[in-house]
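Notes to accompany the following structure.
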Ligand SMILES: [Ca+2]
């Protein structure tokens, strides 16, 4: 069984088959009682200034964590990706970068316990904040994700451990209600004997005008694993047939939920 680095924002899950999440950044705020404006995130690039979402987040070179943001009429005003139809639950990150011709990593996290020969998946949900026909909406955010051995931008640890995306302006007719979340992801097989690496979300030559984007549900997974689930925090011991989401709350049976059979916990694949 592989040991996998965890912190307060993530959890460790093992199941018999399929993808197992070993790190998840959902930015928290997963209850209606949490304030609308979220806290500082320690994994964000230190040259992005944190601005509390109860303040104005429009100067450039800053970011905020929030359940939704309605103070900028040029931005979509929907909620996070974790709870896409509920603006009262779940934080996401909004980035309003300074102009630069360089590539900058806006979020990074170390993962350890990697094993040569294993297959991993790295995925991020992201959205263009700019509504169509507003100043700057023609400047499309160009983002990339990568896995590197060090915490600086360098060659990825595998040829396929890189992906990029130009975020389109949403054509949604419900512009004020939901963000047009897009998944950016890749899978790779680790062919080097290294035990740790950094997962990174990068901004490619951000422009000053427009170029505002959202991030949520930054996930790193390994394919396969051993039977059993560890470190799931439940309020009560689950009984056979009960299903939970990855935060330990009761849910209807669905893909990704945890279920219990014969006293063992599994992740539901379909
Ligand atoms: Ca979230």
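The values are calculated or read from the model by the stated rules, or taken from the named source; none is laboratory data. All of these numbers come straight from a predicted model, not from anything done at the bench. Methodologically, a virtual Cβ is constructed for each residue, glycine included, from the backbone with ideal geometry; neighbour enumeration extends over all protein chains shown.
Matching residues to (1) farther than 25 Å from residue 206 by Cβ; (2) modelled with pLDDT of 80 or more; (3) outside any loop (DSSP other than H, G, I, E, B):
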site	(1), (2), (3)
11	yes, no, no
15	yes, no, no
21	yes, yes, yes
29	yes, yes, no
33	yes, yes, no
57	no, no, no
72	no, yes, no
77	no, yes, no
84	yes, yes, no
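A quick yes/no check of all residues on (1) over 22 Å from the mean Cα position of the chain (by Cα); (2) at pLDDT 90 or above; (3) over 24 Å from residue 63 (Cα atoms):
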{"position": "127", "(1), (2), (3)": "no, yes, no"}
{"position": "138", "(1), (2), (3)": "yes, no, no"}
{"position": "164", "(1), (2), (3)": "no, yes, no"}
{"position": "170", "(1), (2), (3)": "no, no, no"}
{"position": "177", "(1), (2), (3)": "no, no, no"}
{"position": "185", "(1), (2), (3)": "no, yes, no"}
{"position": "189", "(1), (2), (3)": "no, yes, yes"}
{"position": "192", "(1), (2), (3)": "yes, yes, yes"}
{"position": "204", "(1), (2), (3)": "no, yes, no"}
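In the range 59-70, the qualifying residues are those that are away from the ligand (no atom under 16 Å from the Cβ) and in a loop (DSSP other than H, G, I, E, B), and the one that is nearest to residue 202 (Cα to Cα) is 61. Within the range 82-99, the only residue that satisfies the criterion of being surrounded by fewer than 24 Cβ atoms within 10 Å (Cβ to Cβ) and near the ligand (Cβ under 6 Å from one of its atoms) is 82. Filtering the range 71-81 to residues that are more than 16 Å from the ligand (Cβ to nearest atom) and within 22 Å of residue 107 (Cα to Cα) leaves only 75. Which of the residues belonging to the range 40-51 are in a loop (DSSP other than H, G, I, E, B) and surrounded by 15 or more Cβ atoms within 10 Å (Cβ to Cβ)? 41, 43, 45, 48, 51, listed by residue number.
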